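Novice: Handing you a structure now.
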Amino acid sequence: MTRKLESLFGFDELEQQPQEEKPNTVEETRSAMVAIDDTIDKIDAALPAVRGLDASDQEMDDLAAKAQETFDDLMNLGMNVDSRYASEIFAVASSMLGHALTAKTAKLNKKLKMIDLQLKKLKMDQDRPEDPAVEQAHGQVLSRNDLLDRLIGNRDQKTN
């Protein structure tokens, strides 16, 4: 390799820089993981808890009950009026029954979603081990020439 190529690709700078980074020990890695877990716990504690789920269930029940009562009233009214006007009253009564069904369906969907989220959280908690084994690797910064020398050296040793 020529000096121009070395300076172009910055290999001469790599050879001159001292290696200052030391690999982390197992204890340092574990302490870093504990610190990260503590930070995650603090974030979870800072997030507001979901409140008022029971209140919205009660509101949905109230809306469904009102819609059903209105449906019954409109059906009775439709039976007691002239047949020319009854079709419009029955159409409104059917829309009231649709609103009652929508309120009940929304309530059930919300409960199913909450159960699904709880199951997913439980699965994630079970899949995450308490004390994972920490694997450690060591790396070095090498120039292209050093890497080629090592590869050629390994190949020569295998042939002997």
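Novice: Residue by residue, what Karplus-based ³J(HN,Hα) values in Hz, rounded to whole numbers, does segment 136-147 have, using 6.51, -1.76 and 1.60 with θ = phi - 60° and x for Gly and Pro?
Specialist: Values, residue by residue: 10, 10, 10, x, 9, 9, 10, 7, 4, 5, 4, 5 Hz.
Novice: Say each of ARG3 and LYS121 gets a label point 7 Å from the Cα, pointing the same way as Cα to Cβ; how far apart are those two points in nm?
Specialist: So the label points at ARG3 and LYS121 sit 6.7 nm apart.
Novice: To continue, here is another question. Which order results if MET96, MET75, MET114 are arranged by neighbouring Cβ count within 10 Å, fewest first?
Specialist: Working: MET96 20, MET75 17, MET114 12.
Fewest-to-most ranking of MET96, MET75, MET114: MET114, MET75, MET96.
Novice: Pairs to check: LYS42/LYS123; LYS66/LYS123; LYS42/LYS107; LYS42/LYS113; LYS4/LYS158. Give those whose C-alpha atoms are more than 29 Å from each other in this structure. Numbers along the way, then the final one.
Specialist: Details: LYS42/LYS123 22 Å; LYS66/LYS123 40 Å; LYS42/LYS107 32 Å; LYS42/LYS113 26 Å; LYS4/LYS158 34 Å.
Long pairs (Cα-Cα over 29 Å): LYS66/LYS123; LYS42/LYS107; LYS4/LYS158.
Laboratory data are not the source of any read-out in this text; all were calculated from the coordinates shown. Since the model is a prediction, treat every value here as computed from it, not as a measurement. Quick reminder, even Gly has a Cβ in these numbers, built from the backbone with ideal geometry, and neighbours come from all protein chains shown.
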